[in-house]
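J.: I'd like to ask you about the structure that follows.
The values are calculated or read from the model by the stated rules, or taken from the named source; none is laboratory data. The structure presented is a predicted model; accordingly, all values stated were derived computationally and were not measured. Cβ: placed from backbone, ideal geometry, glycine included. Neighbour counts: every protein chain shown. Only protein heavy atoms, including side chains, enter the accessible area calculation; ligands, DNA and RNA are left aside. Shrake-Rupley method; radii C 1.70, N 1.55, O 1.52, S 1.80 Å.
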Amino acid sequence: VQLQASGGGLVQPGGSLRLSCAASGMIVSINVMGWYRQAPGKQRELAADIHNSGVTSYADSVKGRFTISRDNAKNTVYLQMNSLKPEDTAVYYCRLWDGATWYWGQGTQVTVSS
């Protein structure tokens, strides 16, 4: 299984970005897809994830600003990020759980700066 993430970039505080992550390859099932992030000098942390039931979860720091969604037909998960803050600056990684194995994408840089 391969995960291809895209959509990162440089944005000013208060701006928006939309990340995409497309899964391909020998996909047996997709139980959970999510976005993790790692800021310089910090541990990787969950930003948001979505189960195949549609249930979502968010880190407290992004609640009300980020929205995760998925397109099952395209095996793609999205992260709409609004009202971005400098502390959202990180490498964002896509992750997929197929019921047996976790898979990671290559990461996409998000920089929030004026």
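J.: How far apart, in nm, are the 7 Å Cα→Cβ label points at S57 and Q4?
T.: Roughly 3.0 nm, to one decimal.
J.: Exactly which trypsin sites (Lys or Arg not before Pro) in the stretch 14-43 are in a DSSP loop and have at most 16 other Cβ atoms within 10 Å?
T.: K42
J.: Express as a percent, rounded to the nearest 5, the fraction of DSSP beta bridges in the chain (both residues included) that run antiparallel.
T.: Percentage antiparallel, nearest 5: 95.
J.: Carbon-plus-sulfur fraction of the accessible area of the chain, 1.4 Å probe, in percent?
T.: 48
J.: Find the accessible area per residue for the chain; the probe is 1.4 Å, ligands and nucleic acids are left out, and the unit is Å².
T.: 52
J.: On to the next question. Using the Cα centre as the reference, give the magnitude of the dipole from point charges on the C-beta atoms of the stretch 25-94 (Lys, Arg: +1; Asp, Glu: -1; all else neutral), rounded to the nearest 20 debye.
T.: 60
J.: Let me ask something else about it. Taking 2.2 N^0.38 Å as the expected size of a compact globular protein, what ratio does the Cα radius of gyration of the chain give against it, to two decimals?
T.: It is 1.00.
J.: Further question on the same structure: For Cα pairs less than 8 Å apart in space and 6+ apart in sequence, what is the mean separation divided by the residue count of the stretch 1-83, i.e. the relative contact order in percent?
T.: RCO, the stretch 1-83: 31 percent.
J.: Next question. How much net charge surrounds Y93 when only other residues with a Cβ under 11 Å from its Cβ are counted (Lys, Arg +1; Asp, Glu -1)?
T.: Net charge in that neighbourhood comes out at +2.
J.: For N31 and R65 in the same chain, what is the full-extension length gain: residue separation times 0.36 nm, less their Cα-Cα distance, in nm?
T.: Gain on stretching N31 to R65: 9.8 nm.
J.: Additional query: On a C-alpha basis, how far is the centre of the stretch 5-19 from the centre of the stretch 77-114 in Å? Whole number, if you could?
T.: 10
J.: Sticking with this one: What does the net charge come to around I50 if you take all other residues with beta carbon closer than 13 Å to its beta carbon, with K and R at +1 and D and E at -1?
T.: Result for the local shell: 0.
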